[in-house]
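A.B. asks: One structure, as structure tokens, below. Some questions next.
The values are calculated or read from the model by the stated rules, or taken from the named source; none is laboratory data. Only a predicted model underlies this, so the values are computations on that prediction, with no experimental measurement involved. Cβ atoms come from the backbone with ideal geometry, glycine included; neighbour counts cover every protein chain shown.
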């Protein structure tokens with residue numbers, strides 16, 4: 001399964017705005033929808049994605065003072081580097097990130113310069129609340145005329161865009177399984193850490209650096225936020241600057257890297273995901289759903305035990321379906337162990353037969369996934385998973 005990378009591509013709008021005319025289509029409370037004539041889109045779908053994302057980011061970062069321009073199309077971004085690319089329609093290109101595998105880019109933010117060829121705002125190639133939340137963080141920082149270190153900006157955006165859409169609201173979780181897994185696999189050197197801390201969004205960099213600065217930023221911001229969850233993003237930024245901001249990096253690179261290394265290791269500790277999954281015990285089903293989403297990426301016996309235990313006591317049908325789906329996808333990554341494998345057959349999979357979800361399309365997809373799994377997967381399973389992506393895709 002391919003990853004989706006939400007990238008802050010400062011120069012991308014040079015190609016996004018110059019090749020075709022963007023026209024304002026609808027105005028909402030706090031944001032406006034822009035589209036292109038030759039690329040019709042489902043405006044209602046973008047509204048359903050933007051409204052909860054907008055509410056969540058305003059709740060965390062304060063209300064926007066000006067209307068945010070949202071440029072919507074159906075497609076992706078073809079990148080030339082970490083900061084340059086062009087909007088493409090239809091099936092977005094698959095980007096090969098050296099040493100990390102394939103990824104897709106379907107959203108970005110541009111601060112713009114006021115010219116017709118560099119239109120500011122956010123650009124969304126799909127109606128997806130997580131991507132919208134990520135780019136709205138960039139938009140809010142731009143409106144405040146703040147230029148934090150790139151790693152902090154991308155880290156904060158990644159933190160707030162990790163969650164789940166529950167009953168029309170974006171519920172933030174904050175623990176991103178993909179960055180956690182990749183950073184443990186990459187094991188960045190001190191030299192690489194220093195270079196990523198110094199990375200400037202206005203300077204050209206590679207796709208790999210772009211992806212890693214998202215991941216490292218998330219790990220560092222997650223560490224700060226976990227230590228002071230109620231402090232808020234401005235206090236987190238102060239801590240980030242004190243620990244390994246540009247001035248510290250310029251004055252004592254070794255000390256800044258050491259601070260980053262310590263924070264990174266705390267986030268990447270093997271016990272961190274299991275500790276975070278205590279949120280599956282929350283009385284709020286939205287919190288439980290947001291915690292479950294993406295757990296398939298860490299298919300270990302310990303994670304399998306935790307998900308099976310949660311399924312056994314879960315009373316909310318939507319959350320239970322999310323737990324089962326994430327559990328089922330996992331063996332494609334790593335085996336849970338034979339004992340858990342047989343427990344899955346007995347205790348998890350039967351819940352998909354008649355899940356009782358509010359969305360009839362998702363109910364049908366879950367039932368098809370059940371049938372496909374019993375028949376050993378195939379095309380039906382892939383199609384069913386696409387219909388259920390809200391419950392598992394980070």
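A.B. asks: With within 12 Å of the chain's Cα centre (by Cα) and over 27 Å from residue 281 (Cβ atoms) as the only criterion, which of 182, 192, 143, 154 stands out?
C.D. replies: On the way: 182 fails: within 12 Å of the chain's Cα centre (by Cα); 192 fails: within 12 Å of the chain's Cα centre (by Cα); 143 fails: within 12 Å of the chain's Cα centre (by Cα).
It is 154.
Every residue, every condition in (1) modelled with pLDDT of 90 or more; (2) in a helix (DSSP H, G or I); (3) assigned by TED's automatic domain parsing to the domain that holds residue 219; (4) over 16 Å from residue 389 (Cα atoms), yes or no:
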| position | (1), (2), (3), (4) |
| --- | --- |
| 304 | no, yes, no, yes |
| 309 | yes, yes, no, yes |
| 324 | yes, yes, no, no |
| 331 | no, yes, no, yes |
| 334 | no, no, no, yes |
| 357 | yes, no, no, no |
| 371 | no, yes, no, yes |
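A.B. asks: Considering every residue within segment 343-352, establish whether at least one is exposed (fewer than 15 other Cβ atoms within 10 Å of the Cβ), assigned to a helix (DSSP H, G or I), at pLDDT 95 or above and more than 23 Å from the chain's Cα centre (by Cα).
C.D. replies: Applying the first criterion (exposed (fewer than 15 other Cβ atoms within 10 Å of the Cβ)) to segment 343-352 yields 345-346, 350.
The next check asks that each one be assigned to a helix (DSSP H, G or I); those that pass are 345-346, 350.
Retained after the next criterion (residues that are at pLDDT 95 or above): none.
No, there is no match, as no residue in segment 343-352 is exposed (fewer than 15 other Cβ atoms within 10 Å of the Cβ), assigned to a helix (DSSP H, G or I), at pLDDT 95 or above and more than 23 Å from the chain's Cα centre (by Cα).
A.B. asks: Ok, one more. For segment 121-222, which helices (runs of 4 or more DSSP H) that fit wholly inside it have 1 or more residues that are surrounded by fewer than 20 Cβ atoms within 10 Å (Cβ to Cβ)?
C.D. replies: Ranges flagged: 129-143, 177-186, 190-198.
A.B. asks: So which residues in segment 270-289 are closer than 15 Å to residue 321 by Cα and crowded, with 20+ Cβ neighbours inside 10 Å? Full working, then the answer.
C.D. replies: The first filter runs over segment 270-289 and keeps only residues closer than 15 Å to residue 321 by Cα, leaving 280, 285-289.
Those that are closer than 15 Å to residue 321 by Cα and crowded, with 20+ Cβ neighbours inside 10 Å: 280, 286, 287, 288, 289.
A.B. asks: Any residue that is within 11 Å of residue 151 (Cβ to Cβ), in contact (Cβ under 8 Å) with a residue 24 or more places away in the chain and crowded, with 20+ Cβ neighbours inside 10 Å - is there at least one of those in segment 224-237?
C.D. replies: Taking segment 224-237 first, the residues within 11 Å of residue 151 (Cβ to Cβ) are none.
No, segment 224-237 contains no residue that is within 11 Å of residue 151 (Cβ to Cβ), in contact (Cβ under 8 Å) with a residue 24 or more places away in the chain and crowded, with 20+ Cβ neighbours inside 10 Å.
A.B. asks: Please give the number of the condition residue 220 fails out of (1) touching a strand residue (DSSP E or B) at 6+ places or on another chain (Cβ under 7 Å); (2) closer than 13 Å to residue 148 by Cβ.
C.D. replies: Failing condition for residue 220: (1).
A.B. asks: Might you let me know whether segment 246-258 holds any residue that is outside any helix (DSSP H, G or I), at pLDDT 95 or above, over 17 Å from residue 159 (Cα atoms) and not assigned by TED's automatic domain parsing to the domain that holds residue 305? Explain how you work it out, then say what you get.
C.D. replies: Keep residues of segment 246-258 that are outside any helix (DSSP H, G or I), which gives 252.
Narrowing the set further to residues that are at pLDDT 95 or above leaves 252.
Pick out the ones that are also over 17 Å from residue 159 (Cα atoms) and you get 252.
Add one more test, that the residue is not assigned by TED's automatic domain parsing to the domain that holds residue 305, and what stays is 252.
Yes, segment 246-258 contains a residue that is outside any helix (DSSP H, G or I), at pLDDT 95 or above, over 17 Å from residue 159 (Cα atoms) and not assigned by TED's automatic domain parsing to the domain that holds residue 305.
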